[in-house]
1. For the stretch 296-332, which residues satisfy the criterion of being without any contact (Cβ under 8 Å) to a residue 40 or more places away in the chain and over 28 Å from Val166 (Cβ atoms)?
2. Scan (1) at pLDDT below 95; (2) in contact with a strand residue (DSSP E or B) (Cβ under 7 Å, 6 or more places away or on another chain) for the single condition Arg186 breaks and write down its number.
3. Give Val268, Val217, Val273, Val244 a once-over and let me know the one that is β-branched (Val, Ile, Thr), in contact (Cβ under 8 Å) with a residue 40 or more places away in the chain, in contact with a strand residue (DSSP E or B) (Cβ under 6 Å, 6 or more places away or on another chain) and within 26 Å of Ile32 (Cβ to Cβ).
4. Of everything in the stretch 139-167, what is surrounded by fewer than 16 Cβ atoms within 10 Å (Cβ to Cβ), of a type in the set (D, E, K, R) and more than 21 Å from the chain's Cα centre (by Cα)? Give them in sequence order.
5. Looking at the stretch 52-107, which of its residues are in contact with a Ser or Thr (Cβ under 6 Å, 6 or more places away or on another chain), at pLDDT below 95 and within 29 Å of Ile198 (Cβ to Cβ)?
6. Name the single residue, out of those in the stretch 309-321 being in contact with a Lys or Arg (Cβ under 9 Å, 6 or more places away or on another chain) and surrounded by fewer than 18 Cβ atoms within 10 Å (Cβ to Cβ), that is farthest from Lys137 (Cα to Cα).
7. On the basis of being in contact with a His (Cβ under 7 Å, 6 or more places away or on another chain) and open to solvent by 10 Å² or more (accessible area, probe 1.4 Å), does Lys170 make the cut?
8. Taking the conditions exactly as written (out of contact with any helix residue (DSSP H, G or I) (no Cβ under 6 Å at 6 or more places or on another chain), closer than 27 Å to Leu304 by Cβ, at pLDDT 95 or above and hydroxyl-bearing (Ser, Thr, Tyr)), does Ser149 satisfy them or not?
Amino acid sequence: MQENSKQIYFASANAARGFVSYFERCFADARISRLYMIKGGPGTGKSRFIGDVATEAARLGWHAEYYACSSDPGSLDGVILTHPRHGCIALADSTAPHVMEPTLPGVRDVIVNLGDFWDREKLAKHAARIRTLMGYKQACFDRSYAYLSAAGKMLTARDSLIAPCVDGDKITRLAAKISRVYPKGRDFDERIGLSDSIGMKGRVHFDTYERAADRLVVLSPFYGVEYTLMDALYRMAKERGCAVRRAPHVLFPDKTATLYFPDNRLCVTASEVQNTAGKDVQRIDLRRVCDPDALRGVRGEARLAEKLADSAIDTAADSFARAGEYDFELESIYTAAMDFDAKERFTATFCNAILQNP
């Protein structure tokens with residue numbers, strides 16, 4: 001991807017079936033020789049720590065791939081750092097809900113516990129409030145996931161209405177035509193990086209793939225048919241042995257929202273694309289693969305299902321935002337109990353150890 005564009009993705013999703021973590025896939029990358037698993041509660045500065053290390057790494061010539069929190073996109077969950085001489089290392093927030101534990105302790109995986117900089121006596125004075133806030137926050141998340149589940153059911157209902165209207169042979173032929181521009185492949189290699197999230201800031205989309213691409217193939221939204229075509233395009237990428245970065249659908253992990261082929265900087269996407277300046281863009285109208293007569297009978301109900309799903313997603317985002325208010329108060333309590341001077345000294349020592357003498 002372009003070096004002058006920030007690579008930022010999500011490694012988890014608030015989905016129709018609840019929280020879905022892709023951490024094991026994102027941070028089990030064979031390139032990574034050392035994974036630093038960051039532990040610590042809210043307010044311990046995990047995101048700040050990861051960001052500070054990434055900033056220092058960039059100053060020293062490392063390249064960074066950033067992974068943002070799916071619930072709070074302004075917060076970092078991880079970073080993968082690569083250097084032409086020093087190889088590849090990563091840092092990841094390994095606390096709930098995306099818990100990771102060492103599989104090769106000390107060999108590949110190293111725990112970094114920022115909770116070591118807490119003043120536990122200060123925290124003990126706020127134990128009751130902490131328990132209350134955590135309960136309120138969890139209740140908000142539970143409601144959000146109930147709404148996302150409802151949205152998923154509405155979209156599944158829409159799909160069942162539209163499926164009989166779709167000509168499978170036309171989908172296959174269209175996918176074969178589009179896939180002609182895939183790069184030549186040998187062994188299928190897939191890396192995960194989500195573009196979308198639903199959380200405290202509502203619906204958020206990162207345009208990393210679109211910015212990196214020279215050529216864009218954009219599937220125009222049409223009652224979810226775009227994801228049927230994306231599934232076919234994904235299968236063809238596997239069959240051809242392409243190297244690909246895949247963004248799963250934010251609500252449905254088994255669906256594909258975007259495919260990016262780094263070998264020829266091609267992006268095929270069902271996600272909304274905002275900026276296409278300077279790109280070779282092909283837009284695909286999916287009405288061509290549907291029976292118009294069959295569509296007339298279900299279009300109204302399919303539209304209603306989409307409208308209800310949108311409403312449920314917006315309501316889920318409102319509940320996530322309320323959870324964010326409780327999380328902010330929690331962080332303020334923990335922050336007041338942190339020795340940040342000691343943490344900053346540790347950060348400087350840590351950076352020197354892993355970036356200059358990895």
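The values are calculated or read from the model by the stated rules, or taken from the named source; none is laboratory data. Fair warning: this is a prediction, and the values are worked out from it, not measured in the lab. Counting neighbours? That spans all protein chains shown, and the Cβs are built from the backbone with ideal geometry, glycine included. These area figures cover heavy atoms from the full protein model, side chains too; ligands, DNA and RNA do not enter into them. Shrake-Rupley method; radii C 1.70, N 1.55, O 1.52, S 1.80 Å.
1. Hits for the stretch 296-332 are Asp318, Glu325, Phe328.
2. Single failed check for Arg186: (2).
3. Selected residue: Val244, the only one of Val268, Val217, Val273, Val244 that is β-branched (Val, Ile, Thr), in contact (Cβ under 8 Å) with a residue 40 or more places away in the chain, in contact with a strand residue (DSSP E or B) (Cβ under 6 Å, 6 or more places away or on another chain) and within 26 Å of Ile32 (Cβ to Cβ).
4. Hits for the stretch 139-167 are Lys153, Asp167.
5. Residues satisfying the conditions are His98, Met100.
6. Within the stretch 309-321, the match that is farthest from Lys137 (Cα to Cα) is Asp314.
7. no
8. Yes: the conditions hold for Ser149.
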